[in-house]
Every structure is written in C-alpha cells, then in structure tokens.
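All remarks here apply to the structure that follows.
Every number in this text was worked out from the coordinates using simple rules, so none of it is lab data. The structure displayed is predicted, hence computed values, not measured ones. Ideal geometry is used to build each Cβ from the backbone, glycine not excepted, and the neighbour counts take in all protein chains shown.
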Amino acid sequence: MNSGYLQKGMYAAVFTMAAVQTQAAPAVDFSNLVEQVSPAVVSVNVVKKMTQEEIMQQQVPEILKRFFGNQVIIPQQQVPQEKTAYGSAFFISKDGYLLTNHHVVENASKVTIMLNDRRELDATVVGSDERTDVALLKVKGDQFPALKTGNVDQLKVGEPVLAIGSPFGFDYSASAGIVSAKMRNMMGETSVPFIQTDVALNPGNSGGPLFNQLGEVVGVNSRIFSGTGGYMGLSFSIPIDVAMDIADQLKKNGKVTRSYLGVSMQDIDRNLAESYNLPKPEGALITDVTANSPASKAGLKSGDIVLKYNGASISRTSELLNYLNRSVPNQTIQLEVLRDDKTRNISATLTTAPDDTPAKAQQVSESTGPKIGVAIRDLTPTELSQLNIQGGVLIQDVMRGGVASQARILPGDVITQLNSTTIKNANDFVKAVSGLKKETVVRVSLIREGQRAIVGMRI
C-alpha cells in the first residue's frame, strides 16, 4: 500500500502502529481483558517476492527518477529480491488454526507467527479469500489459547471495543474505542458488512481481533479510511460470524463457494421512496436481473423492491447482501417484494455462483497490458437481442480498489467500446485492454440498465 495517496478502504496491514487515542477511548478499564486475551494474539511475519517494478524503483537513482520517473533502464542483472511485511492473527481453535487477512498473506513465500512468549512458528496458509479479505492459517501443535467469538447481532453502536495487534512490528499494542456503525459496505463491496469503529488502527493491525467488553472476538481488523496513510478515526473490521463462515469453508474445501441470485441492487433514497409510495426509504431496489439466473427464473424484475428476506425486514441493500452472502447454494429463499404498489411473495432457489475464474483468466496479465480488475463474459444471444446490440461483454465482477472500480464501472455493465475500438466479445476486450498505455484515460462506452453512457477510466 502507498501511504501517500488517499485510499478508501485502505488496508491497515503490513505494519501497524496502534497508539491509543486518548480523546476517543471510552472510560473503560481493559487492563484485565488485555492480560487474558493477549496470549491468543500473534504477530505475523510475511516474506513476499518483490515485483520487477519494485526492484526497478530501488535501482533507479533518485536524481534520474525526478526527470524520467521509473522508466530508466539500468543495465545490470536482475536478481529476485524479497521484502518483509507484518500483520496480526489470532487463534480460533486449540489445534493451531488462526484467522488473519487475505492481503496480509497474499503472494507470501513464507509465513511465520510469533507468540507472546517470543516463540516463532512456521505457518501454512490453508486458504485465502480475496473478496472477504479473510485467510486461514495453520501451525503444528495443540493446546493453543483459542479466543471465544461473540454475537455480532448484539453488538451496539456506541459500545466500547478493544483491538490488539502488531503496529509496525510493535507486537501486542492495544487500542480502544467505540462502535461507530454497523453494516457498512465499502464502495463496490458486496461481500462484507463491516463494523466501523474509531479504534486506532494503522498499517500492521490487519488480521488482529476486535473484542467486546466480555473479551469475545466480534471482528477481524481489516481496513482504515485515511488521507495520510495513518489513523484518522475511521477503522473497519470484518464481522466475526462472516469470517468464521469463510474459515469453515477454507478448512473443509480450501476455497469458498458462494450462492447466486443474479441481481444488481441499489438503496432507496427519498425521491425513490416517494415515487414508489413508500412511507420511508427502505428496501433494496433491483436494478437488473441476469438472464437465466435464479432471480430471472423466480420472476423477479428490474424495478422490484425487496422488503423482506425470509421474513426479516430489509432497510437497505447491505442487509439483503449480507443475508444472501450467508446463504448456501440450493437454498430456497422467500422474498417479499413491492411491484406496482402491491406486495407479493416470491420464492427463489439459489444456485452456486458462476465460477469467475475463467472470466478473470481472460484479463490481460501485467506482462501484456494493464490489469483493470474485472471479470467478464460474452453476452448470450438473448441478452444481445434484449439490448438490441451486435456485441459486447458483460462485467461479472469488479475488484475493489482496481482501475475499473475507481472509474465507477459496476457488475452488470455491458461494455461495447474502448476509445474507438468496438468490443464484440471477450477476445476483443482482452486485445483492446492489452494495447492500453499507463497514465492515460480511456473512454469506455457502456450500457447500464438499458441506458448508454461513457465513462473515463484512468489507467
């Protein structure tokens, strides 16, 4: 991560400084709690291979960088180099399983944990899930001090919470604050209903636990919102129930299998609520239904407002997304929807989410062009007919923080043109992307909800 840039949802990983913010800390004595739970929290030391770009940055003299940037070629042999990063983790079972963040161990060649008694153990990455930013580690041994998990549903806004992590390698640093909000979805994020706190987190706290006053883990510290790279009062943690569900799947299968409904949604604002004759802004508005999806087969339509999921009221889209993410494939769900000023009940049977690996494999690798962070597929004949177009590609997924995400490109968008190049299929898209140059702005012609638009995407 580059601390010099403004980053929404910036990772609080690979180094941390958890200095207690006195003005934000509640008047709660956590000293006994820290003593009890610290043995189950560990520091994570990660060795990662440096990219060629990082190596070149180190090799180019500063005086040349000022005039030529990193485009200077130094005629010397490139030797693979490695870098060290730091994060945090904690035991969830006595037999050596630990939780941390995906971005802490991503592309790691070696992972080592350090216990509070200064012992160091080699750890194995059992599995890692980029979408939720959860990773599961395993060390040999037993009788490790495992932490108890709390009930996130009972966590209240304003409740005191405690974080323990390894800021900048300073292990077992504690910081306290309060819960600022729940069910926070980051921009473009559809998988994690974050817990927002004002707990002081900095690069390196990533993967550490967030405790309630009972010493129960309620979250996995993951991100900060910062304009400086350091703590600014906005920290985000993955709810522990979400993390544990992911960990169970990683432990059993080594990967995460998700359910699939096949809709795009947005929140209801004041004007939309009035247009739908709703007493207040509530529910999740369906903006698009994927052809041949469970939603399409169940009869859901664009313009429907989901008011309830299995009897539970839906006030905003993030709540419905959370329910869907917690559901399993082949599960039948009951949705109460508002359509034409009337409510109706619709049953839908979820399927396994389409494997986006083939689509992502169509992305241009860094060696042949810029990586823009999207998963794509060709349009079906039915979709082409409905849109009255000859070709294009459907955006299935957008990687958070990527080039496409920053350009506000969304899942469900249909891209028909890049600059002056017509896009008929995935091959056309890949070829066009491979020819894009860095530090340029690309005109992306797309169709969103039946409306044509052009957005600028900065490479």
Between Glu130 and Gln143, what is the label-to-label distance in nm when each label sits 7 Å out along the Cα-to-Cβ direction? 4.2
List the lysines whose alpha-carbon lies under 17 Å from that of Lys110, not counting same-chain residues fewer than 8 positions away? Lys48, Lys49, Lys83, Lys138, Lys140
Could you state the orientation-averaged shadow area of the convex hull built on the Cα atoms of the stretch 259-352, in nm² to one decimal? 5.2
Cα convex hull volume per residue for the stretch 357-458 (Å³): 89
Calculate one ³J(HN,Hα) per residue across the stretch 192-206 by plugging θ = phi - 60° into the Karplus curve 6.51 cos²θ - 1.76 cosθ + 1.60, and present them in order as whole Hz with x for glycine and proline. 10, x, 4, 8, 9, 9, 9, 5, 6, 10, 9, x, x, 6, 3
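Starting with the highest mean, order 199-206, 160-167, 283-290, 125-132 by the number of other Cβ atoms within 10 Å, averaged over the residues of each peptide.
With the highest mean Cβ count within 10 Å placed first, the list reads 199-206, 160-167, 283-290, 125-132.
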Applying 1/(1 + (r/R0)^6) with R0 = 25 Å to the Cβ-Cβ distance of Asn116 and Val328, what FRET efficiency is obtained, to the nearest 0.05? 0.10
